[in-house]
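What follows is one structure encoded as structure tokens, with my remarks underneath.
Every number here is computed from the coordinates shown, using simple stated rules; none is lab data. Nothing here was measured: the structure is a model prediction, and the numbers come from that model. Using ideal geometry, Cβ is built from the backbone for each residue, glycine included, and neighbour counts are taken over all protein chains shown.
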Amino acid sequence: MAFLGHGPLEAPGVLGIRAAELGFEVHEFRADCLGDPLPAPEEFAGIVVMGSIESVNDTRLAWVAHERAVVATAIDRGVPVLGVCFGGQLLAQVLGGRVVTSPAPEVGWRSIRTDDPSLVAEGPWLLWHEEAVVPPPGSLIVARNDVAVQAYVKGPHVGLQFHPEVTPDLIASWIHDAQQRGEVTAEQRRALWDDVDSLATVSARNAARLFDRFLRRADLLQTRS
């Protein structure tokens with residue numbers, strides 16, 4: 001299973017742990033480093049595209065266009081893709097959707113409305129984004145809130161706006177980095193950190209079920225269960 005990250009603070013987290021528990025080899029790649037070639041998608045059972053502080057709409061970043069092409073190749077070759085936040089937005093673009101400025105930034109733990117709780121539980125999920133997905137044609141929205149689409153599916157592919165991978169350590173590193181850049185308010189920090197241990201425990205349990213369901217949709221779990 002290939003996990004495409006976009007910076008030193010992006011990690012597979014809970015999703016990587018679950019993939020290993022299920023018997024998959026976990027391979028991490030830095031998609032934001034053009035000097036490090038990304039793998040051929042067909043070498044892996046699936047691709048997980050992680051989050052980023054960057055925008056999928058930033059045309060100044062050559063690596064975004066390169067990664068978009070890799071994801072397109074994965075889809076063309078029948079490799080299932082799970083997109084997380086930035087990754088869900090990039091997946092939407094490849095499938096013909098768009099990414100727009102969100103009506104409001106979402107930073108903190110939220111519950112969401114879901115039409116498929118076996119795939120996406122109500123939460124709590126950690127949200128941290130300023131852009132939102134206009135889902136691709138032919139996709140099915142499976143979760144939302146009053147601000148944005150939170151999950152959609154198309155074929156075996158799943159796009160998420162929230163972060164199922166998070167652990168308390170990962171969140172702490174994100175908060176510290178955002179504080180260094182002056183991009184998180186005291187109110188947002190509280191929304192992210194208050195009661196983080198109990199919230200992250202529930203999120204991790206929901207994330208494992210989500211990942212299992214993604215694999216089953218792609219016919220990847222039955223041979224390892």
- Applying the selection to segment 175-203, what residues are hydrophobic (A, V, I, L, M, F, W, C) and crowded, with 20+ Cβ neighbours inside 10 Å? L192, L199, A200
- Report yes if A200 is touching a residue at least 12 places away in the same chain (Cβ under 8 Å), hydrophobic (A, V, I, L, M, F, W, C), assigned to a helix (DSSP H, G or I) and under 20 Å from G46 (Cα atoms), otherwise no. no
- Message: One residue is enough: does segment 79-86 have a residue meeting the conditions of a type in the set (A, V, I, L, M, F, W, C), surrounded by fewer than 22 Cβ atoms within 10 Å (Cβ to Cβ) and closer than 12 Å to G159 by Cβ?
- Response: no
- Task: Tally the residues that are surrounded by 17 or more Cβ atoms within 10 Å (Cβ to Cβ) and either in contact with a helix residue (DSSP H, G or I) (Cβ under 6 Å, 6 or more places away or on another chain) or closer than 20 Å to A65 by Cα (or both), restricting the search to segment 87-119.
- Result: 15
- Message: Just checking: which of the strands (runs of 3 or more DSSP E) contained wholly in segment 1-114 hold 3 or more residues that are within 24 Å of A148 (Cβ to Cβ) and over 15 Å from the mean Cα position of the chain (by Cα)?
- Response: 98-110
- Look through segment 118-136, keep the residues that are outside any strand (DSSP E or B) and touching a strand residue (DSSP E or B) at 6+ places or on another chain (Cβ under 9 Å), and return whichever of them is nearest to R189 (Cα to Cα). P124
- Which residues, taken from segment 172-212, are within 19 Å of A19 (Cβ to Cβ) and not polar (S, T, N, Q)? A200, A204, R205, A207, A208, R209, L210, F211, D212
